[in-house]
Amino acid sequence: MSAPIAMIPYANMAPYRQLGEPEGCHFVPLVPSASIDALIAGTVDAAAVPVGGLARLPGLVEAVGQFGIAARGPSMSVLLFSQYPFERMHTPRTLRLTTESATSVRLLYLLMGNAVGFERLPTLAANGRQPDAHLLIGDCALVENVSAKVWPYKTDLSQAWFDLHGLPFVFARWVLRKAAPDAVKASISAWLDTFKANEDELVARSIHQTAVRLELDEDVVERYCGVIRRCLDDDDLKGQQLFIKDFQRFGREPLFKD
């Protein structure tokens, strides 16, 4: 029986997909936020799970080495497009959020709280109303970054985090369900080790087809692939720990009110 593995269908994961499926496994396309529920339900055995969703998975998963999705500076694909400068995005400004992320929304909340005060955060735009800012992630953000002309301001959240803390930002980590069969755990671990040994080649092989799929110039995709980090180091983990600590300190639900 083939084990289901969540696979984010964005350009930032294309080099992972280029390697092919781990032995005895198959990919299940899921946006980042959906992978959390899938791990909880047991419908997938592994995922590059959003760091912002790890609090929902205590005791259920374990990290697989130091693999994931991170950026040291700009991410090019986690962006707030706005009609006002970031530091002026406070009440009564309005905001629309992506529904695909469990990390980027929390990152935006922390960055805005630091910039304008948690008591002055913008509210969510009503349905059918044009917001003053829109948070996009993944391929939509990458394409909008190149083509959009209706938004006069753009904030790369990963760059804003790096400017504030001097640390990379980790968006996702590869994890396994602790209840997964040992053979699946061994297969995923071996697959990721193979990825690390061949990352440069896999990245290079993914550029052309990604550019064609998104209708972007190859140099844009090549630059994007260069800023995304998949094999993480100690600084990445420090950034992840700081994000979790800050959210535990300042977080609330709902993050942004209607």
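The values are calculated or read from the model by the stated rules, or taken from the named source; none is laboratory data. Everything quoted here is computed from the prediction, not taken from an experiment. With ideal geometry, Cβ positions are generated from the backbone for all residues, glycine too; neighbour counts draw on all protein chains shown. Accessible surface is based on the protein model in full, side chains and every heavy atom, while ligands, DNA and RNA are left aside. Shrake-Rupley method; radii C 1.70, N 1.55, O 1.52, S 1.80 Å.
Solvent-accessible surface of the chain, averaged per residue with a 1.4 angstrom probe and all protein chains in place: 46 square angstrom.
Within the listed set Leu124, Leu176, Leu79, the residue fluctuating most in the Gaussian network model of the chain (springs between alpha-carbon atoms under 10 angstrom) is Leu124. Note on Asp163: accessible area is roughly 110 Å² with a 1.4 Å probe, heavy atoms of protein only. Of all DSSP beta bridges confined to the stretch 1-158, the antiparallel ones make up roughly 45%. Over all orientations, the stretch 56-183 has a Cα convex hull whose mean projected area works out to 9.8 square nanometres. With the cut-off at under 20 Å, measuring from each backbone N in the stretch 170-192 to a point 7 Å along the Cα-to-Cβ line of Thr43 picks out 175-181.
Give me the number: length gained by fully extending Lys178 to Gln241, i.e. 0.36 nm times residue separation minus the C-alpha to C-alpha distance, one decimal in nm.
On the way: separation 63, 0.36 × 63 = 22.68 nm, distance 2.13 nm.
Difference between extended and current length: 20.5 nm.
Computing the accessible area with a 1.4 Å probe over protein heavy atoms, can you report the carbon and sulfur percentage for the stretch 100-258?
Here carbon and sulfur together make up 47 percent of the probe-accessible area.
Relative contact order of the chain, taken over Cα pairs closer than 8 Å and 6 or more residues apart, is 30 percent. Between 0 and 90 degrees, the angle of helix 234-250 with respect to the longest Cα principal axis of the chain falls at about 50 degrees.
Report, in whole Å, the centroid distance computed from the Cα atoms of the stretch 91-129 and the stretch 137-171. Cα centres, the stretch 91-129 to the stretch 137-171: 14 Å.
Each Lys and Arg Cβ is given +1 and each Asp and Glu Cβ -1; about its Cα centre, the chain then shows a dipole of about 860 debye.
With every protein chain kept in the model, how would you rank Glu100, Glu215 by accessible area, 1.4 Å probe, largest at the top?
Working: Glu100 55, Glu215 165 Å².
Order by accessible area, largest first: Glu215, Glu100.
Normalised by 2.2 N^0.38 Å, where N counts its residues, the alpha-carbon radius of gyration of the stretch 1-121 equals 1.24. Does the stretch 113-258 come out rounded, prolate or oblate, given a ≥ b ≥ c as the square roots of the eigenvalues of its C-alpha gyration tensor, rounded meaning a/c under 1.5 and, failing that, prolate meaning a/b above b/c? It comes out oblate by the Cα gyration axes. For the Cα atoms of the chain, what angle does the longest principal axis make with the long axis of helix 218-227, in degrees from 0 to 90, nearest 10? Orientation of helix 218-227: about 90 degrees from the principal axis.
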